[in-house]
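Okay, structure first, notes after.
None of the figures in this text is laboratory data; all of them are computed from the coordinates on show. Nothing here was measured: the structure is a model prediction, and the numbers come from that model. Neighbour counts are summed over all protein chains in view; Cβ atoms, including those assigned to glycine, are modelled from backbone coordinates with ideal geometry.
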Amino acid sequence: MIGDSTVIAYPSDRRVPNRLEVLLGSGPAGYRVYDLSHVGFGPPEQWFIADIVAGAKPDWVALGLNLASLSPAWEVAPRRPELVGWIDPGRL
């Protein structure tokens, strides 16, 4: 999981990476979620880390974005992840 405070600024049981691990870790594949989110990360930092992570050849990369990070027009939007998506590491 790569993101900013909008994916981790919750009590631990409500953070997006923790919730993903509960959902994915309970299945037959038993995926492990590594949280590389950090308060203050914007798209440039997230893509930099995504590039490094892709080299490790994970099964998937989840990217959480607050759209306010992409445009001043979104500054009135609530501070929460408005977009969380899966990225096939081969596409990074």
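Points worth noting:
- Between Leu23 and Glu45, the distance separating the two model label sites (each 7 Å from Cα on the Cα→Cβ line) works out to 2.5 nm.
- Positive contributions from Lys and Arg (+1) and negative ones from Asp and Glu (-1), summed over other residues with Cβ under 10 Å from the Cβ of Ile2, come out at -3.
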